Amino acid sequence: SVGALGETWGDVQKAAGAMERIADLMDARPGIAAPAVPKHLPVAGAGEVEFADVTFAYPGRPDLPALSGFNLRVAPGERVALVGPSGAGKSTVFRLLLRFYDPTEGAVKVDGVDLREADPAEVRRRMALVAQESPLFSGSPAENIRFGREGATEAEIRAVAKAAQADSFIEALPQGYDTPLGERARSLSGGQRQRLAIARALVREAPILLLDEATSALDAENERLVQQALDQAMDGHTTLVIAHRLATVLKADRIVVMEDGRVVEQGSHTELVAKGGLYARLAALQFGDAAA
Ligand code: ATP
C-alpha cells in the first residue's frame, strides 16, 4: 500500500532525529539535486499541479514503469481524488510531487515550473502532506503541530487544531496543548492522531495539500470528526487525495482513475458509476451498496 511513502518518511525521520523539521528531512532525499540557479515559483502562484507525459520507473525496476505517459493537471483550488487498484501508481504520483524521485520522461510542474528547475525549499513551502500514518512525537500537542511550521504562534496552532477538530480532545488533556504526550501519544485514538496530523499539515499554510487517506476503520464519531477535519483542510487548497472513502470521492471535483500507471477514466462519482467501467467495479468492492 501507500506504506512505502510512510516508510520513506519514517526512515528519513529516524536518521534526522525526531524533532527535526519536515523541511530538513526533505533536504535529505538522496539523489535529488537542487539546481545551481533555481527558477523562482511565481509569487502569486496558487498551487497548480501538472504531470506532463510522465513516465517513471523505480531505480530497482527500470523495465517496469510505475507511471507511463501519465498526464494530470490540477487547477488551483481543485480537489482531485486518485483511485485505482493496488499498484496503479497513486503513491508514486505523491512521491514525484514531493520529489523523492525525478521522472524518467516528461515533467512534474508546480505553478508552471518544472520541479527539476525550481528551488526545493520554495516547492516544499507550497505543499503539505498528511500521510496514512503521520508520526507523533512524545512532546506536547502544540509541539506536534508546530512540527509543520517552526515559528507558528500559539494562536495559529489553536486555530488549525480547531479547524482539524482536534481542539476539544487536546483541551481535555491535563495540561491542554502543553501536555507532554509521552506514552500517551500511543494511546491517542486513530482518529485523534489523524486530526493532529491534519492540524500539522494546515499550520504549513501551503496551497497544495496531499492527503493519503487512512484505510483503518474508525468508530462513527471519529469518522465524522475526521471527515469534518478533511473538509476544512481541503477548503481553499489544491488537493490531491488518495481516496479510500466514499465521503471523500463524493466531495472531489474530479475522480481520476488510475491503472498500470495511467489515467484510464475520470469524472464524477455518478458519471463513473454510470459508465460501468473500472471505477464502477472498484466502487462496488470498496464502498459496497452505498455507492450505487
Ligand atoms: P497501493 O494502493 O497498494 O498503495 P499504489 O497505486 O499507490 O498502490 P504505487 O505504490 O505507486 O501504487 O506502486 C506503483 C508500482 O510501482 C507498483 O508496481 C509497485 O510495486 C511499484 N513500486 C512502488 N514502490 C516501489 C519501489 N520503492 N521500488 C520498486 N518498485 C516500486
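Share of antiparallel DSSP beta bridges in the chain, in percent to the nearest 5?
50 percent
Simple spin-label model, 7 Å along Cα-to-Cβ: R186 to H40 in nm?
Here the modelled spin labels are 4.9 nm apart.
Once phi is turned into ³J(HN,Hα) by the Karplus curve 6.51 cos²θ - 1.76 cosθ + 1.60 with θ = phi - 60°, what whole-Hz value does each residue of the range 84-91 show in order, with x for glycine and proline?
x, x, 4, x, 5, x, 4, 5
For a quick check: with amide H placed at 1.01 Å from N, whose amide H comes under 5 Å from T55's, ignoring anything fewer than 5 positions away on the same chain?
G69, F70, T104, E105, G106
For the range 160-167, just list the computed ³J(HN,Hα) in residue order, Karplus coefficients 6.51, -1.76 and 1.60, θ = phi - 60°, integers in Hz, with x standing in for Gly and Pro.
6, 5, 5, 4, 8, 6, 10, 4
Report the residue, chosen from P120, P141, P35, that carries the largest GNM mean-square fluctuation when the chain is represented by alpha-carbon nodes joined by springs under 10 Å.
Maximum fluctuation in the GNM of the chain, among the listed residues, is at P35.
Round to a whole angstrom and tell me the spacing of the C-alpha centers of the range 157-218 and the range 223-292.
24 Å
What is the list of residues in the range 216-233 whose amide nitrogen lies under 20 Å from a point 7 angstrom out from the Cα of A159, following Cα to Cβ?
Counting backbone N atoms under 20 Å from the label point, the list is 229-233.
Could you compute the FRET efficiency for E122 and R262, with r as their C-beta to C-beta distance and R0 at 22 Å, rounded to 0.05?
0.15
Taking H as built 1.01 Å from N, whose amide H comes closer than 5 Å to the amide H of R149, not counting residues under 5 places away?
Residues meeting the amide H criterion: none.
Grab the DSSP H runs of the chain that are 4 residues or longer, score each as -39,500 (n - 2.57), total them, divide by all residues and round the 222 nm result to the nearest 500 deg cm²/dmol. Before the final figure, lay out each step's value.
Values: 13 runs with 110 residues, N = 292.
When only DSSP H runs of four or more count, the value is -10500 deg cm²/dmol.
R254's amide H: which non-local residues (gap 5+, or another chain) put their own amide H closer than 5 Å, with H modeled 1.01 Å from N in plane and none for Pro or chain starts?
Those qualifying (amide H under 5 Å, at least 5 residues apart or on another chain) are R79, A81.
Which distance in nm do the two modelled labels at A217 and E271 give, with both placed 7 Å along the Cα-to-Cβ direction?
For A217 paired with E271, the spin-label model returns 3.4 nm.
How high is the relative contact order of the chain, in percent, with contacts defined as C-alpha pairs under 8 Å that are six or more residues apart?
Relative CO of the chain lands at 24 percent.
Kirkwood Rh, Cα Rg: Rg to Rh for the chain?
That ratio equals 0.96.
For the range 120-258, report the translational diffusion coefficient in µm²/s to the nearest whole number, using Stokes-Einstein at 20 °C, 1.002 mPa s, and a Kirkwood Rh over Cα pairs. Mind showing how you got there, number by number?
Numbers: Rh = 15.2 Å.
After rounding, the answer is 141 µm²/s.
For the range 103-118, just list the computed ³J(HN,Hα) in residue order, Karplus coefficients 6.51, -1.76 and 1.60, θ = phi - 60°, integers in Hz, with x standing in for Gly and Pro.
x, 6, 9, x, 9, 10, 10, 10, 6, x, 9, 4, 4, 5, 9, 8
No lab work stands behind these numbers, since they all come straight from the coordinates. Predicted model only: the values in this text are computed from it and were never measured. Virtual Cβ from ideal backbone geometry, glycine too; neighbours counted across all protein chains shown.
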